[in-house]
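Undergrad: Shown below is the structure under consideration.
The values are calculated or read from the model by the stated rules, or taken from the named source; none is laboratory data. Fair warning: this is a prediction, and the values are worked out from it, not measured in the lab. Ideal geometry is used to build each Cβ from the backbone, glycine not excepted, and the neighbour counts take in all protein chains shown. Note: areas computed on protein heavy atoms with side chains; ligands, DNA, RNA excluded. Shrake-Rupley method; radii C 1.70, N 1.55, O 1.52, S 1.80 Å.
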Amino acid sequence: MSFDDAPKPPMTADELRLLSELIYDHCGILVREDLRFLLERRLWARMRALDLPDFLTYYRYLRFDPGRRAELEAAVEALTTNETYFFREPHQLKAFREELLPLRVNERARVRRLRLWSAGCSTGEEAYTLAMLVLESGLFGGWEIEVFGSDISRKVLAAARKGVYSRNALRETPPQMVERYFTADAGRWAVKDEARSLVSFGHLNLIDEHMVAMLARFDVVFCRNVMIYLDLPARRRVLKSFHGRLWPGGYLLLGHSESLIHVTADYELVHLKNDLVYRKPLLAI
Ligand SMILES: C[S@@+](CC[C@H](N)C(=O)[O-])C[C@H]1O[C@@H](n2cnc3c(N)ncnc32)[C@H](O)[C@@H]1O
(Lines give C-alpha, C1' and ligand atoms only; values in the text may rest on other atoms or scores of the structure.)
Protein backbone atom coordinates (compact mmCIF):
# COMPACT_ATOMS: atom_id res chain seq x y z
CA MET A 1 0.00 0.00 0.00
CA SER A 2 1.45 3.41 -0.94
CA PHE A 3 1.47 6.28 1.54
CA ASP A 4 -1.22 7.97 -0.54
CA ASP A 5 -3.62 5.11 0.10
CA ALA A 6 -2.78 4.91 3.80
CA PRO A 7 -5.80 5.53 6.03
CA LYS A 8 -5.74 8.68 8.12
CA PRO A 9 -4.36 7.81 11.55
CA PRO A 10 -6.64 8.79 14.44
CA MET A 11 -5.69 11.89 16.42
CA THR A 12 -5.38 11.10 20.11
CA ALA A 13 -6.60 13.50 22.80
CA ASP A 14 -2.96 14.28 23.68
CA GLU A 15 -2.06 15.03 20.07
CA LEU A 16 -5.10 17.29 19.75
CA ARG A 17 -4.06 19.19 22.89
CA LEU A 18 -0.42 19.57 21.80
CA LEU A 19 -1.31 20.75 18.30
CA SER A 20 -4.06 23.08 19.53
CA GLU A 21 -1.71 24.69 22.07
CA LEU A 22 0.97 25.23 19.47
CA ILE A 23 -1.48 26.84 17.04
CA TYR A 24 -3.04 28.93 19.79
CA ASP A 25 0.34 30.23 20.99
CA HIS A 26 1.28 31.17 17.46
CA CYS A 27 -1.85 33.00 16.33
CA GLY A 28 -4.49 33.02 19.07
CA ILE A 29 -6.84 30.77 17.08
CA LEU A 30 -8.63 28.46 19.43
CA VAL A 31 -9.15 24.96 18.06
CA ARG A 32 -12.22 23.92 19.98
CA GLU A 33 -13.41 20.32 20.19
CA ASP A 34 -15.91 21.04 17.38
CA LEU A 35 -13.02 21.93 15.06
CA ARG A 36 -11.26 18.66 15.76
CA PHE A 37 -12.55 17.04 12.59
CA LEU A 38 -11.40 19.99 10.46
CA LEU A 39 -8.01 20.00 12.18
CA GLU A 40 -7.55 16.28 11.58
CA ARG A 41 -8.55 16.47 7.93
CA ARG A 42 -6.56 19.55 7.01
CA LEU A 43 -3.41 18.65 8.94
CA TRP A 44 -3.56 15.17 7.46
CA ALA A 45 -3.17 16.83 4.06
CA ARG A 46 -0.06 18.62 5.37
CA MET A 47 1.33 15.37 6.83
CA ARG A 48 0.89 13.65 3.50
CA ALA A 49 2.69 16.50 1.77
CA LEU A 50 5.61 16.03 4.20
CA ASP A 51 5.40 12.23 4.21
CA LEU A 52 4.90 12.03 7.99
CA PRO A 53 3.07 8.99 9.40
CA ASP A 54 1.15 10.32 12.39
CA PHE A 55 0.10 13.47 14.26
CA LEU A 56 2.75 13.15 16.96
CA THR A 57 5.51 13.08 14.35
CA TYR A 58 3.87 16.09 12.71
CA TYR A 59 3.77 17.90 16.07
CA ARG A 60 7.48 17.19 16.59
CA TYR A 61 8.16 18.52 13.11
CA LEU A 62 6.32 21.74 13.98
CA ARG A 63 8.33 22.09 17.19
CA PHE A 64 11.84 21.06 16.20
CA ASP A 65 12.41 20.78 12.46
CA PRO A 66 14.50 23.55 10.81
CA GLY A 67 11.50 24.10 8.49
CA ARG A 68 9.11 24.54 11.43
CA ARG A 69 8.32 28.23 10.92
CA ALA A 70 7.17 27.78 7.36
CA GLU A 71 5.22 24.66 8.29
CA LEU A 72 3.50 26.40 11.20
CA GLU A 73 2.36 29.05 8.73
CA ALA A 74 1.10 26.31 6.39
CA ALA A 75 -0.75 24.61 9.27
CA VAL A 76 -2.41 27.88 10.31
CA GLU A 77 -3.23 28.60 6.68
CA ALA A 78 -4.95 25.24 6.46
CA LEU A 79 -7.12 26.14 9.46
CA THR A 80 -8.16 29.71 8.75
CA THR A 81 -11.43 30.69 7.15
CA ASN A 82 -10.89 33.20 4.38
CA GLU A 83 -14.47 33.88 3.26
CA THR A 84 -14.89 37.50 2.18
CA TYR A 85 -16.37 39.60 -0.63
CA PHE A 86 -16.59 43.21 -1.82
CA PHE A 87 -19.03 45.57 -0.09
CA ARG A 88 -19.70 43.17 2.78
CA GLU A 89 -22.06 44.53 5.50
CA PRO A 90 -23.43 47.48 3.49
CA HIS A 91 -25.08 49.34 6.41
CA GLN A 92 -21.70 49.60 8.11
CA LEU A 93 -20.03 50.77 4.92
CA LYS A 94 -22.77 53.38 4.56
CA ALA A 95 -21.96 54.61 8.07
CA PHE A 96 -18.28 54.68 7.14
CA ARG A 97 -18.79 56.59 3.93
CA GLU A 98 -21.57 58.99 4.93
CA GLU A 99 -20.72 59.62 8.57
CA LEU A 100 -17.20 58.59 9.54
CA LEU A 101 -15.37 59.92 6.51
CA PRO A 102 -16.93 63.42 6.79
CA LEU A 103 -16.03 63.43 10.50
CA ARG A 104 -12.47 62.46 9.71
CA VAL A 105 -12.18 65.15 7.03
CA ASN A 106 -12.80 67.76 9.68
CA GLU A 107 -10.72 66.10 12.37
CA ARG A 108 -7.69 65.62 10.10
CA ALA A 109 -8.04 68.77 7.98
CA ARG A 110 -4.70 70.10 9.20
CA VAL A 111 -2.61 67.06 8.22
CA ARG A 112 -4.70 66.02 5.17
CA ARG A 113 -3.74 62.41 5.61
CA LEU A 114 -6.04 59.39 5.96
CA ARG A 115 -4.82 55.92 6.90
CA LEU A 116 -7.16 52.92 6.99
CA TRP A 117 -6.36 49.36 8.05
CA SER A 118 -8.15 46.21 6.99
CA ALA A 119 -6.81 43.86 9.69
CA GLY A 120 -7.40 40.25 8.62
CA CYS A 121 -8.04 41.30 5.03
CA SER A 122 -8.04 37.81 3.49
CA THR A 123 -7.95 38.10 -0.32
CA GLY A 124 -8.21 41.91 -0.24
CA GLU A 125 -11.84 42.64 -1.06
CA GLU A 126 -12.38 44.66 2.13
CA ALA A 127 -9.27 46.81 1.62
CA TYR A 128 -10.19 47.62 -1.99
CA THR A 129 -13.80 48.32 -0.96
CA LEU A 130 -12.53 50.94 1.52
CA ALA A 131 -10.38 52.56 -1.17
CA MET A 132 -13.39 52.72 -3.50
CA LEU A 133 -15.56 54.29 -0.80
CA VAL A 134 -12.95 56.94 -0.07
CA LEU A 135 -12.78 57.78 -3.78
CA GLU A 136 -16.57 57.81 -4.07
CA SER A 137 -16.91 60.20 -1.14
CA GLY A 138 -15.08 62.86 -3.16
CA LEU A 139 -13.88 64.40 0.11
CA PHE A 140 -10.18 63.77 -0.08
CA GLY A 141 -8.83 65.60 -3.14
CA GLY A 142 -5.14 66.36 -2.53
CA TRP A 143 -4.96 64.20 0.61
CA GLU A 144 -2.48 61.43 1.24
CA ILE A 145 -4.60 58.26 1.34
CA GLU A 146 -3.34 54.85 2.40
CA VAL A 147 -5.28 51.62 2.87
CA PHE A 148 -3.26 48.84 4.45
CA GLY A 149 -4.48 45.24 4.31
CA SER A 150 -2.81 42.61 6.50
CA ASP A 151 -3.30 38.91 7.07
CA ILE A 152 -1.51 35.97 8.66
CA SER A 153 -1.86 33.90 5.47
CA ARG A 154 0.66 34.54 2.69
CA LYS A 155 -1.54 32.66 0.26
CA VAL A 156 -4.48 35.05 0.58
CA LEU A 157 -2.11 38.04 0.46
CA ALA A 158 -0.73 36.86 -2.89
CA ALA A 159 -4.30 36.82 -4.23
CA ALA A 160 -4.99 40.23 -2.68
CA ARG A 161 -1.96 41.74 -4.40
CA LYS A 162 -3.12 40.41 -7.78
CA GLY A 163 -6.48 42.12 -7.31
CA VAL A 164 -8.31 39.89 -9.80
CA TYR A 165 -11.61 38.28 -8.74
CA SER A 166 -14.40 35.95 -9.74
CA ARG A 167 -18.05 36.98 -10.09
CA ASN A 168 -18.71 35.50 -6.67
CA ALA A 169 -16.49 38.08 -4.93
CA LEU A 170 -18.57 40.85 -6.55
CA ARG A 171 -21.96 39.42 -5.63
CA GLU A 172 -22.84 42.35 -3.34
CA THR A 173 -21.11 45.04 -5.39
CA PRO A 174 -23.48 47.68 -6.79
CA PRO A 175 -23.38 47.58 -10.64
CA GLN A 176 -22.23 51.20 -10.93
CA MET A 177 -19.23 50.38 -8.70
CA VAL A 178 -18.36 47.36 -10.85
CA GLU A 179 -18.52 49.62 -13.88
CA ARG A 180 -16.36 52.32 -12.35
CA TYR A 181 -13.70 50.37 -10.44
CA PHE A 182 -13.20 47.06 -12.28
CA THR A 183 -12.07 45.90 -15.70
CA ALA A 184 -13.72 42.69 -16.86
CA ASP A 185 -11.79 40.13 -18.82
CA ALA A 186 -12.76 36.52 -19.58
CA GLY A 187 -15.04 36.09 -16.57
CA ARG A 188 -12.61 37.74 -14.12
CA TRP A 189 -12.71 41.27 -12.71
CA ALA A 190 -9.53 43.25 -12.03
CA VAL A 191 -9.50 46.24 -9.67
CA LYS A 192 -8.55 49.34 -11.66
CA ASP A 193 -5.45 51.34 -10.78
CA GLU A 194 -7.33 54.27 -9.28
CA ALA A 195 -8.34 52.14 -6.26
CA ARG A 196 -5.40 49.74 -6.43
CA SER A 197 -2.84 52.51 -6.11
CA LEU A 198 -4.22 53.45 -2.68
CA VAL A 199 -3.88 49.94 -1.25
CA SER A 200 -0.89 47.95 -0.01
CA PHE A 201 -0.71 44.57 1.71
CA GLY A 202 1.54 43.08 4.36
CA HIS A 203 1.99 39.83 6.26
CA LEU A 204 1.12 40.30 9.92
CA ASN A 205 0.07 38.08 12.78
CA LEU A 206 -2.29 40.23 14.86
CA ILE A 207 -1.23 38.39 18.02
CA ASP A 208 2.34 39.58 17.54
CA GLU A 209 2.10 42.88 19.41
CA HIS A 210 5.72 43.81 18.70
CA MET A 211 5.21 43.68 14.95
CA VAL A 212 1.86 45.48 15.18
CA ALA A 213 3.48 48.22 17.27
CA MET A 214 5.79 49.00 14.34
CA LEU A 215 2.91 50.20 12.16
CA ALA A 216 2.19 53.91 11.82
CA ARG A 217 -1.09 55.15 13.31
CA PHE A 218 -4.47 54.76 11.63
CA ASP A 219 -7.67 56.79 11.43
CA VAL A 220 -9.95 53.78 11.08
CA VAL A 221 -9.29 50.09 11.73
CA PHE A 222 -11.62 47.49 10.22
CA CYS A 223 -11.27 44.12 11.88
CA ARG A 224 -14.32 42.19 10.76
CA ASN A 225 -14.92 38.48 11.11
CA VAL A 226 -11.43 37.81 12.45
CA MET A 227 -11.70 37.97 16.23
CA ILE A 228 -14.52 35.41 16.20
CA TYR A 229 -11.76 32.82 15.76
CA LEU A 230 -9.78 34.05 18.79
CA ASP A 231 -10.42 33.38 22.46
CA LEU A 232 -10.92 36.14 25.02
CA PRO A 233 -7.27 36.68 26.09
CA ALA A 234 -6.17 36.74 22.43
CA ARG A 235 -8.95 39.22 21.55
CA ARG A 236 -7.85 41.47 24.42
CA ARG A 237 -4.27 41.44 23.18
CA VAL A 238 -5.34 42.34 19.66
CA LEU A 239 -7.68 45.10 20.87
CA LYS A 240 -4.89 46.57 22.99
CA SER A 241 -2.65 46.61 19.92
CA PHE A 242 -5.35 48.33 17.84
CA HIS A 243 -5.73 50.91 20.59
CA GLY A 244 -2.03 51.67 20.34
CA ARG A 245 -2.20 51.99 16.53
CA LEU A 246 -5.27 54.28 16.38
CA TRP A 247 -5.06 58.04 16.58
CA PRO A 248 -6.98 59.40 19.56
CA GLY A 249 -10.51 59.82 18.20
CA GLY A 250 -9.88 57.09 15.59
CA TYR A 251 -12.48 54.41 14.92
CA LEU A 252 -12.63 50.64 15.21
CA LEU A 253 -15.19 48.74 13.14
CA LEU A 254 -15.93 45.10 13.92
CA GLY A 255 -18.10 42.48 12.23
CA HIS A 256 -21.84 42.66 12.90
CA SER A 257 -21.79 39.77 15.40
CA GLU A 258 -18.79 41.12 17.32
CA SER A 259 -18.92 43.42 20.31
CA LEU A 260 -16.58 44.68 23.01
CA ILE A 261 -18.99 44.09 25.89
CA HIS A 262 -17.10 42.23 28.63
CA VAL A 263 -13.95 42.36 26.51
CA THR A 264 -12.44 45.82 27.02
CA ALA A 265 -13.45 49.26 28.27
CA ASP A 266 -10.72 51.03 26.28
CA TYR A 267 -13.09 52.16 23.53
CA GLU A 268 -16.23 54.26 23.61
CA LEU A 269 -19.36 53.27 21.72
CA VAL A 270 -20.50 55.85 19.17
CA HIS A 271 -24.12 55.80 17.94
CA LEU A 272 -24.12 56.80 14.29
CA LYS A 273 -27.32 57.01 12.24
CA ASN A 274 -26.46 53.87 10.28
CA ASP A 275 -24.48 51.80 12.77
CA LEU A 276 -22.77 51.53 16.13
CA VAL A 277 -19.00 51.87 16.01
CA TYR A 278 -16.16 52.04 18.53
CA ARG A 279 -13.84 54.97 19.01
CA LYS A 280 -10.59 55.43 20.86
CA PRO A 281 -11.32 58.28 23.28
CA LEU A 282 -9.85 61.63 22.25
CA LEU A 283 -7.95 61.95 25.48
CA ALA A 284 -6.41 58.47 25.29
CA ILE A 285 -2.74 58.29 24.37
C1 LIG B 1 -13.16 35.44 7.44
S2 LIG B 1 -11.74 36.32 6.93
C3 LIG B 1 -12.34 38.00 7.11
C4 LIG B 1 -12.03 38.84 5.90
C5 LIG B 1 -12.62 40.27 5.95
N6 LIG B 1 -12.14 40.99 7.08
C7 LIG B 1 -14.13 40.23 5.93
O8 LIG B 1 -14.76 40.50 6.95
O9 LIG B 1 -14.70 39.94 4.88
C10 LIG B 1 -10.67 36.13 8.37
C11 LIG B 1 -9.20 36.39 8.06
O12 LIG B 1 -8.50 36.59 9.29
C13 LIG B 1 -7.21 36.05 9.15
N14 LIG B 1 -6.64 35.81 10.50
C15 LIG B 1 -7.02 34.90 11.42
N16 LIG B 1 -6.22 34.95 12.50
C17 LIG B 1 -5.31 35.94 12.26
C18 LIG B 1 -4.23 36.46 13.01
N19 LIG B 1 -3.89 36.00 14.22
N20 LIG B 1 -3.51 37.45 12.45
C21 LIG B 1 -3.83 37.95 11.23
N22 LIG B 1 -4.85 37.48 10.47
C23 LIG B 1 -5.58 36.48 10.98
C24 LIG B 1 -7.43 34.78 8.35
O25 LIG B 1 -6.25 34.35 7.69
C26 LIG B 1 -8.53 35.21 7.37
O27 LIG B 1 -8.01 35.60 6.13
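Undergrad: Give me the accessible area of V31, 1.4 Å probe, in Å² rounded to the nearest 10.
TA: The accessible area comes out at roughly 20 Å².
Undergrad: Same structure again: Once amide H atoms are placed 1.01 Å from N in the peptide plane, what residues at a sequence separation of 5 or more from L204, or on another chain, have their amide H within under 5 Å of its amide H?
TA: D151, I152
Undergrad: In what sequence, highest mean first, do 122-130, 106-114 appear when ranked by Cβ atoms within 10 angstrom?
TA: The peptides rank, most packed first, as 122-130, 106-114.
Undergrad: Give the accessible surface of the range 3-79 per residue, rounded to a whole number of Å², with probe radius 1.4 Å and ligands, DNA and RNA excluded.
TA: On the way: 4250 Å² over 77 residues.
For the range 3-79, the per-residue accessible area is 55 Å².
Undergrad: To the nearest µm²/s, what D does Stokes-Einstein give for the range 206-258 at 37 °C and 0.692 mPa s, using the Kirkwood radius over alpha carbon pairs as Rh? Walk me through the intermediate numbers first.
TA: Working: Rh = 11.4 Å.
For these conditions, the coefficient is 289 µm²/s.
Undergrad: On a C-alpha basis, how far is the centre of the range 137-214 from the centre of the range 7-49 in Å? Whole number, if you could?
TA: 31 Å
Undergrad: Compute the Cα gyration tensor for the range 3-79, then decide on rounded, prolate or oblate, letting a ≥ b ≥ c be the square roots of its eigenvalues: rounded whenever a/c is under 1.5, prolate when a/b is larger than b/c in the other cases, and oblate in all that remain.
TA: Values: a/c = 1.60, a/b = 1.14, b/c = 1.40.
Because a/c hits 1.5 or more and a/b fails to exceed b/c, the range 3-79 counts as oblate.
Undergrad: Determine the distance separating the Cα centre of the range 225-285 from the Cα centre of the range 54-80; give it in Å without decimals.
TA: 32 Å
Undergrad: At 1.4 Å probe size, put Y229, Y165 in order of accessible surface, largest to smallest. Don't skip to the end; give the middle numbers.
TA: On the way: Y229 80, Y165 10 Å².
Per-residue accessible area, sorted high to low, gives Y229, Y165.
Undergrad: Ok, one more. How about K240: which lysines have a C-alpha closer than 17 Å to its C-alpha, ignoring those fewer than 8 places off in the same chain?
TA: Answer for K240, where 17 Å is the Cα cut-off: K280, listed by chain and number.
Undergrad: So how do 47-56, 212-221 stack up, highest first, on mean other-Cβ count within 10 Å? Walk me through the numbers before you get to the answer.
TA: Working: 47-56: 14.8, 212-221: 17.1.
The peptides rank, most packed first, as 212-221, 47-56.
Undergrad: Same structure again: What's the carbon and sulfur percent of the chain's accessible surface, probe 1.4 angstrom, rounded to a whole number?
TA: On the way: 7640 of 14180 Å².
With neighbouring chains kept in place, the figure for the chain is 54 percent.
Undergrad: Another question, then. Rounded to whole Hz and in sequence order, give me ³J(HN,Hα) for the range 264-272 from the Karplus expression 6.51 cos²θ - 1.76 cosθ + 1.60, θ = phi - 60°, writing x for Gly and Pro.
TA: 7, 10, 6, 10, 9, 8, 10, 8, 8
Undergrad: Dipole magnitude of the range 3-79 about its Cα centre, charges +1 at Lys/Arg Cβ and -1 at Asp/Glu Cβ only, in debye to the nearest 20?
TA: Working: 12 positive and 15 negative charges, 18 e Å.
Dipole magnitude for the range 3-79 comes out near 80 debye.
Undergrad: Right, here's the next one. How large is ³J(HN,Hα), in whole Hz, for each residue of the range 86-91 in order, when computed from phi with the Karplus curve 6.51 cos²θ - 1.76 cosθ + 1.60 and θ = phi - 60°, using x for Gly and Pro?
TA: After applying 6.51 cos²θ - 1.76 cosθ + 1.60, I find 5, 6, 6, 6, x, 5 Hz.
Undergrad: Same structure again: Any lysines with Cα under 25 Å of the K162 Cα? List them, leaving off those in the same chain fewer than 8 positions away.
TA: Result set, ordered by chain and number: K192.
Undergrad: Could you do me a favour and compute the accessible area per residue for the range 151-221, 1.4 Å probe, result in Å²? Write down the numbers at each step before the final one.
TA: Values: 3840 Å² over 71 residues.
Solvent-accessible surface per residue comes out at 54 Å².
Undergrad: Taking amide H positions as placed 1.01 Å from N in the peptide plane, with prolines and chain starts having none, which residues 5 or more places from G250, or on another chain, fall under 5 Å of its amide H?
TA: K280
Undergrad: Please compute the per residue accessible area over the range 243-285 with all protein chains in place, 1.4 Å probe, rounded to a whole number of Å².
TA: Numbers: 2380 Å² over 43 residues.
On a per-residue basis, the range 243-285 sits at 55 Å².
Undergrad: Kindly write out, for the range 231-244 in residue order, the coupling ³J(HN,Hα) from the Karplus curve 6.51 cos²θ - 1.76 cosθ + 1.60 (θ = phi - 60°), rounded to whole Hz, with x marking Gly and Pro.
TA: The phi angles translate into 7, 4, x, 5, 4, 4, 4, 5, 5, 5, 5, 4, 4, x Hz.
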